[in-house]
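In what follows, a structure is listed as structure tokens, so that the remarks can point back to it.
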Amino acid sequence: MKKKEETRIDPKVEFLGALDAIVKEKGIDKAKILEAMELALTAAYKKHTGKSNGKAKVDPVTGEIKVYSYVTVVEEVTNPEIEISLEDAKKINKDLEIGDTIDTEVPTDDFGRVAASTAKQVVVQKVREAERQMILDDFQDKKDELLVGTVALEDTDNYYINLGRSNGVLPKRDIIPGEKIVMGSTIKVYVTKIDNSGRNLVIKLSRCHFGFVKRLFEHEIPEFSDGTLMMYSVAREPGVRSKVAVYSERPNFEPIGACIGEKGVRIANIIKELGGEKVDIVKYDKDPKIFIENALLPAKNLTVLITNEKDKEAIVIGDKDNYSLAIGKKGINARLASRLTKFKIEIKNMEEASEMGINIKGE
């Protein structure tokens, strides 16, 4: 009984087949990989032999690697190992001119293992670069946007969110205080930065950034996309309270009502995503006095004095019932109002105002 003949695959053919598959899968330019391989192989050959006048070529059809030594045609030879005179060059080929090179193939038997290793390194590197560029192309315009991903991994400091082509990094310090992140669950995240400066491209995410609240409102309330409703600013203490200033230039349109939605559905969906965080919807007004008063809700009946319009400074006076409301627990209401309006706000009670010589009735 005859033995079945083994079919041997030429390693060069196998290499090209694998390279073509990678090119097709990753969308990489094959010519660029081969060009990079030639440069790397040339450098490897020079290092391997100590000769500076070598260059490698990869046949794009067969995958065969050949190395050539070359001499450059010069007027006057100073280094015979790498130069040839024009007179001698003309004897080889009468069409040669100064600056041309004459290539001679050299044996590469002892260079084969180095060549194979170098070729593999170049392909791996080019694949990484191509994947990095594709991820960058997909995500470079996603900064400050809201994305939906799946919680894929966790380590001591971070959650890793599968966003499709890549995982984004959600630091544990950037989740909403008190929330529990479940592996495999779908999660909304805000892109704070696309960092392409290090060894790996990093997509940085957050759920406690004020921009997360901004994008949730825009996602939940369609009037923002058609320009009916506009957002002036957002201020946030993650897990505690957010204030969102909205307005509309359309007559008879109620911006706060649009944000709340029918039976409070819209704002309820936003609050649910924020894990129960309180949200104040504030009506923006071009008059800073009115805007500051609105921003300090739930406090009412406040007197607002603009003390320095250029530097945006204001004093707010509240009566006995509204003074503490305006400040809020641990000063949070006043801080958020200040960020929202971009004014430095000092809150005083009636007695303090009187001591400062401010006559409320006269205002």
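Here is how the numbers come out for the structure above:
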| quantity | calculated |
| --- | --- |
| Number of the exception - Lys342 against (1) in contact (Cβ under 8 Å) with a residue 12 or more places away in the chain; (2) surrounded by 14 or more Cβ atoms within 10 Å (Cβ to Cβ) | (2) |
| Among the residues listed as Glu81, Glu6, Glu64, the single one being surrounded by fewer than 16 Cβ atoms within 10 Å (Cβ to Cβ), within 30 Å of Ala130 (Cβ to Cβ) and either among the β-branched types (Val, Ile, Thr) or modelled with pLDDT under 85 (or both) | Glu64 |
| Inter-residue pairs, beta-carbon under 7 Å, first within 12 Å of Val74 (Cβ to Cβ) and in the stretch 85-102, second assigned to a loop (DSSP other than H, G, I, E, B), 6+ apart | Ser85/Val77; Leu86/Glu75; Leu86/Ile98; Ala89/Leu96; Ile98/Glu75 |
| Ala337, sole failed condition from (1) surrounded by 20 or more Cβ atoms within 10 Å (Cβ to Cβ); (2) within 30 Å of Ile175 (Cβ to Cβ); (3) over 32 Å from the mean Cα position of the chain (by Cα) | (3) |
| Qualifying positions in the stretch 197-232 - closer than 21 Å to Leu147 by Cα, among the hydroxyl-bearing types (Ser, Thr, Tyr) and at pLDDT 95 or above | Ser206 |
| Matching entry among Lys120, Lys126 (being touching a residue at least 12 places away in the same chain (Cβ under 8 Å) and of a type outside the set (S, T, N, Q)) | Lys126 |
| Restricting the stretch 243-299 to residues that are touching an Asp or Glu at 6+ places or on another chain (Cβ under 6 Å), modelled with pLDDT of 95 or more and not assigned by TED's automatic domain parsing to the domain that holds Glu313, the residue that is surrounded by the fewest Cβ atoms within 10 Å (Cβ to Cβ) | Asn269 |
| Of all residues in the stretch 205-225 being part of a loop (DSSP other than H, G, I, E, B) and of a type outside the set (Gly, Ala, Ser), the one that is farthest from Pro177 (Cα to Cα) | Ile221 |
| Number of the exception - Gly357 against (1) on the phi > 0 side of the Ramachandran plot; (2) of a type in the set (Gly, Ala, Ser); (3) part of a helix (DSSP H, G or I) | (3) |
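A quick yes/no check of all residues on (1) within 16 Å of Phe212 (Cα to Cα); (2) in contact (Cβ under 8 Å) with a residue 40 or more places away in the chain:
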| position | (1), (2) |
| --- | --- |
| Tyr232 | yes, yes |
| Ala235 | yes, yes |
| Gly239 | yes, yes |
| Ala245 | yes, yes |
| Ser248 | no, no |
| Pro255 | no, no |
| Glu262 | no, no |
| Ile270 | yes, yes |
| Gly276 | yes, no |
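The values are calculated or read from the model by the stated rules, or taken from the named source; none is laboratory data. Here the structure is a predicted model, which means the values were calculated and not measured. Note: ideal-geometry Cβ built from the backbone for every residue, glycine included; neighbour counts use all protein chains shown.
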